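Any read-out appearing in this document is the output of simple, stated calculations on the displayed coordinates, not a laboratory observation. Bear in mind the structure is a predicted one, so any value in this text is a computation, not a measurement. Cβ atoms come from the backbone with ideal geometry, glycine included; neighbour counts cover every protein chain shown.
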Ligand SMILES: N[C@@H](CCC(=O)N[C@@H](CS)C(=O)NCC(=O)O)C(=O)O
């Protein structure tokens, strides 16, 4: 299998963490691509021209990180990172994972907008997305996060979203307002799958 990724893509990082957590390093080859340059090998696998994309051994392909992560979860006997279908916590976990994905979307949108030339950039759009991020971090800070609890897909997403903001949008300086969330992030970030994939 081949996982097409870009080193700083938060969505691709979710899949890279899954590969490590599920012990799939020998089965999944990482292919580093720059999606904005439309490399033909990526377009062949993912018509959306985005990363992550997963090329399966049977020649079929999967796109979109939530689906790729769920597929990778099925590939080994290591503990599942997704809530069971009959679990009472299922939609709490999937809801928090979706919120984390939404924070990534808002943050990536801010970054792309801020790279536009002055006459094309919309400060209103950037402010709208930054406000969405600030409100979402407040919501995340109220979740019962425990760095010692078993890892799940929501926790992976939240770590990655917060790291991406620290990396690309440091002026949002969320740590000073949310000290407990920052302490949780620092503790859980020592986990090898998260430490090894952190943006630097
Ligand atoms: N919803 C998608 C988002 C993927 C995405 O936007 N990836 C970015 C990199 S961070 C990308 O490849 N952008 C290139 C493009 O969209 O043309 C997912 O969860 O996989």
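Some points to look at:
- Cα gyration tensor shape of the stretch 140-200, rounded if a/c is under 1.5, else prolate or oblate by comparing a/b with b/c: oblate
- 197, 155, 139 arranged by Cβ crowding within 10 Å, fewest neighbours leading: 139, 197, 155
- Against the rule of thumb 2.2 N^0.38 Å, how large the Cα Rg of the stretch 2-73 comes out: 0.97
- Alpha-carbon Rg/Rh ratio, for the stretch 90-195, with Rh computed the Kirkwood way: 1.00
- Each helix, a run of at least 4 DSSP H residues, gives -39500 (n - 2.57); summed and divided by the residues of the chain, these come to -16000 deg cm²/dmol at 222 nm.
- Residue 183/residue 127 FRET efficiency (R0 25 Å; Cβ-Cβ; nearest 0.05): 0.30
- Contour excess over end-to-end distance, with Cα ends at residue 90 and residue 143 and 0.36 nm allotted per residue: 17.6 nm
- Alpha carbon centroid spacing (whole Å) that separates the stretch 150-200 from the stretch 97-127: 19 Å
- Global size of the stretch 31-140 as Cα Rg and Dmax, reported in angstrom: 17.5, 53
- Alpha carbon convex hull of the chain, volume per residue in cubic angstrom: 128 Å³
- Each residue, residue 60 and residue 2, gets one label point 7 Å from its Cα in the Cβ direction; the gap between the two is 1.9 nm.
- Residue exposure proxy: 18, 36, 104, ordered by other Cβ atoms within 10 angstrom of their Cβ from fewest to most, comes out as 36, 104, 18.
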